[in-house]
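Read through the structure below, which is laid out as structure tokens, and then see the notes.
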Amino acid sequence: MSSEDKTGTGTESVAKTPLTRRDFLKTAGITGLALGATGGLGGVLAACGDDDGGDAGGGEGQGRPIKVGFVAPLTGPLAAFGETDQWLVTKWGEAVKDGVECGDGQVHPIEIIIKDSQSDSNRAATVAGDLVTNDGIDVMMVASTPDTVSPVADQAEALQVPCVSNDCPWQPYFFGRGGDPAVGFTWTYHAFWGLEDVTAVFTGMWDQLDTNKKIGAMWPNDADGLGWADPKTGQPPMLKEAGYTVVDGGRFQPGTEDYTPQISKFKAADCDILSGVFIPPDFVNFWKQSYQQGYQPVAATVGKALLFPAQLEAIGEIGYGLTTECWWSPWHPFKSSLTGQTCQELADAWTSESGGKEWNQTLLHYAVFEVVVDALKRTTDVDDKQVILDAIKATDMETIQGKITWSAGAPLNPVPNVCRTVLVGGMWTKGEEYPFDLLLVDTQHAAEEPFNVEIPTNGTVEPIKY
Amino acid sequence: MTWANVVIQGILLGGLYALFATGLALVFGVMRMVNLAHGDLGILAAFVALFIVQSLGLPLGWATALTIAIMFLVGYALQRGLLNFTLGTDDTRPIVVTFGLSIIIQNALIMKFSADSQGLDAGRIENISIKVSEQLSVGWFPLIVFVIAIAVIAALEVFLARARLGRAFRATSDDREAAELMGINNRHIYSLAMAIALAIVAVAGILLAVRTTFDPTQGSFRLIYAFEAVIMGGMGSMWGTLAGGIILGVAQTVGTQAFGAGWGLVVGHLVFLTVLAVRPSGFLAKTVTA
């Protein structure tokens with residue numbers, strides 16, 4: 001089986017020997033990376049190879065293997081977003097190990113090829129192009145912040161491959177890629193919350209605290225920051241409408257060493273609330289300097305940097321009481337359409353199979369494959385990408401991420417190609433089993449239109465203790 | 001008071017830049033060699049310390065001491081075994097070789113440690129500060145970094161001025177052939193200079209790693225700042241390097257305060273270019289080339 005040695009994720013073998021194969025992929029990927037840095041793409045091609053995958057077995061009604069590409073930030077500053085991705089690929093493989101019966105009446109084996117973006121948007125685009133042109137994938141999947149999702153979606157659009165994504169606020173996804181609400185995109189479909197949701201969740205948490213409603217806002221000069229800070233489609237007008245004053249720290253460069261000017265500004269303006277969106281290393285830097293310089297907001301609620309336990313562990317003891325958006329938890333009342341697993345069961349499976357790691361929100365990436373499988377089941381001709389695309393377009397299903405459909409119209413589909421999903425507010429507290437536990441402290445927004453999902457809270461918002 | 005705070009934080013940041021630049025200035029001063037792998041060697045030191053802390057379980061203090069010793073030996077071996085052969089009439093050879101070295105170090109680090117961001121934890125000292133007034137607090141850790149930078153540079157200056165070996169450094173720098181005639185082994189002297197340079201950059205790398213997070217590709221940014229500090233201060237002058245580092249740090253923080261976020265780095269580079277145009281030899285240049 002030549003293909004088995006080359007790609008990491010043929011469906012049949014994944015379940016039997018996941019570790020060796022993943023280790024191999026890792027080594028191969030690193031070799032590719034080392035070569036890639038000096039010699040262009042040669043290394044990556046060598047690592048992933050050209051795979052015809054034609055060995056998946058014969059039999060009556062057996063269709064050709066369908067290849068699904070998945071781009072993930074497995075290394076680099078965004079590696080925390082890709083933490084569960086390798087594991088998810090093996091879970092997906094197990095869930096469809098007998099193949100999927102597509103709309104053409106044949107059972108097609110599914111092969112998932114995962115590639116590392118190294119947290120770099122240029123590289124994400126390169127490996128996405130690679131998946132299409134060299135691996136010949138039928139469907140693309142991607143998740144993990146605008147820096148990964150947008151370049152991959154753009155490639156899919158340009159190369160005319162259907163692409164399903166989540167884990168990227170929809171405004172940076174849509175407007176950041178130059179989307180026109182009247183037209184939309186052709187090949188790319190996305191399910192995640194938007195800035196209106198994160199604003200509602202953030203203000204919902206702040207409203208429970210006694211503050212002067214002044215926000216010191218840190219929005220960086222990257223795809224996420226520009227989307228969040230957009231004076232028309234971003235957070236500023238929404239926060240103003242909610243009765244909050246924004247003191248803008250300016251579009252700082254990711255990787256900035258010193259935040260004195262911003263911290264001084266927030267101190268001088270007496271901002272009780274710190275908000276914004278950071279890449280994790282930058283927030284660690286900012287928050288340490290805030291302590292050093294005596295800036296002590298009542299609440300610090302930032303996007304992207306406080307999502308996962310590993311990020312909080314890097315911050316250390318000054319991380320307790322920080323608040324964040326939470327897009328997925330074991331307490332969300334959703335089920336996998338592939339296996340019937342509940343969110344809690346998926347989280348438990350991750351913990352037991354990862355050697356005791358705490359659950360984290362990236363398990364939400366699970367849903368992109370649910371959408372793909374559901375669409376394939378309705379695809380009458382797998383050789384025609386347009387037919388696969390039409391099936392994706394017609395999606396209307398319940399996933400581990402909640403309801404996903406692209407044909408319900410506003411407000412669930414605020415623009416074409418985008419489906420909003422639930423968002424709640426979480427706060428980091430000292431855990432019993434782990435150093436940090438994320439408690440759900442505000443779930444009001446999820447219970448409202450258009451979501452109508454009741455999620456129980458298991459904590460209350462408290463001011464940060466200094 | 002806000003401005004005073006911005007300037008003070010910039011000065012403290014400049015201390016770290018200067019510490020990164022000192023080894024570069026020393027190597028250039030002694031053997032007229034531009035080491036393009038200098039920044040990567042600093043990051044390498046941070047990873048060595050991380051490795052010692054994580055796999056040997058030693059506390060950060062011991063790891064730092066051990067890392068400095070390791071980098072000293074690496075420096076000596078590197079110069080004696082490789083870089084000495086590149087020195088001679090052609091100035092471009094060491095540049096090409098150290099550029100290659102920089103790429104090798106980066107990729108070796110990625111292979112061993114992946115591209116993930118890492119951090120070294122020094123505990124509470126990272127978060128506490130001296131409060132001078134409502135708008136002015138000085139963090140203990142940045143202050144300690146700055147004091148270490150001054151101490152290292154002062155010690156190096158005294159060493160170069162007074163110690164027998166330091167005099168040999170200067171003699172070799174002034175006239176290689178004459179020094180050789182006086183019984184100085186140039187190759188040994190060069191190797192010791194590189195060893196000291198890497199011991200210093202090891203300190204800088206570890207302090208950087210505690211201050212913020214680091215990853216294998218950060219070396220080249222460090223090199224740019226270090227170069228700017230060295231050139232602004234004057235090639236070969238240690239105190240000049242400190243001055244250059246401080247100017248760069250202050251330009252970055254004041255630039256951000258004055259023109260908004262995103263402008264800090266630009267203003268830093270603009271100040272550097274201005275100095276280069278107006279005073280190409282730097283502020284405190286000691287060595288005269290050609």
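A short reminder: the numbers here are calculations on the coordinates, not readings from a lab. Everything quoted here is computed from the prediction, not taken from an experiment. Neighbour counts are summed over all protein chains in view; Cβ atoms, including those assigned to glycine, are modelled from backbone coordinates with ideal geometry.
Here is how the numbers come out for the structure above:
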quantity	calculated
Percentage relative contact order, segment A:204-309, counting C-alpha pairs under 8 Å, at least six apart	32 percent
D_trans [Stokes-Einstein, Kirkwood Rh over alpha-carbon pairs] for segment B:153-290, 37 °C, 0.692 mPa s, µm² s⁻¹	196 µm²/s
Order of A:LYS357, A:LYS288 under a 10 Å beta carbon neighbour criterion, fewest first	A:LYS357, A:LYS288
Signed unit charges on C-beta, dipole axis of chain B, positive-most listed residue B:GLY234, B:GLY139, B:PHE169	B:PHE169
Projected label distance in nm at A:ARG378 and B:ILE150, using a 7 Å step from Cα toward the beta-carbon	7.1 nm
Size-normalised alpha-carbon gyration radius of segment B:98-174, reference 2.2 N^0.38 Å	1.74
Pairwise centroid distance, computed over Cα atoms, of segment A:186-248 with segment A:91-165, Å	30 Å
Two-site label geometry, B:LEU270 and A:LYS393: point separation in nm, points 7 Å out along Cα→Cβ	5.0 nm
Taking B:ILE247, B:ILE144 and counting other C-beta atoms within 10 Å, the order from fewest to most	B:ILE144, B:ILE247
Residues A:TYR291, B:TYR17, A:TYR434, A:TYR466 arranged by fewest to most Cβ contacts within 10 Å	A:TYR466, A:TYR434, A:TYR291, B:TYR17
Rounded to whole Hz, the Karplus (6.51, -1.76, 1.60) HN-Hα couplings of segment B:225-234, x for glycine and proline	4, 4, 4, 4, 5, 5, 5, 5, x, x
For segment A:143-154, Karplus couplings with θ = phi - 60° (6.51, -1.76, 1.60), whole Hz, Gly/Pro x	8, 6, 6, x, 5, 9, 5, 4, x, 5, 5, 4
Length released on extending from A:VAL183 to A:SER354, taking residue separation times 0.36 nm less the Cα-Cα span	57.3 nm
45 Å tail of the calculated P(r), the protein assembly as shown, as % of Cα pairs	28 percent
Expected-Rg normalisation [2.2 N^0.38 Å, Cα atoms] applied to segment A:342-390	1.60
³J(HN,Hα) computed for each position of segment A:119-125 - Karplus, 6.51 cos²θ - 1.76 cosθ + 1.60, integer Hz, glycine/proline x	6, 10, 5, 5, 5, 4, 5
Inter-site label distance for A:GLU433 and A:THR133 at 7 Å from Cα along Cβ, in nm	4.7 nm
Under 23 Å from the Cα of A:LYS465 - lysines, other chains or at least 8 residues apart	A:LYS213, A:LYS214, A:LYS265, A:LYS267, A:LYS288, A:LYS304, A:LYS430, B:LYS131
Charge context of A:ASP138, other residues only, Cβ under 9 angstrom, K/R +1, D/E -1	+1
Average Cα contact separation per residue, chain A, under 8 Å, 6 or more apart, as relative contact order %	14 percent
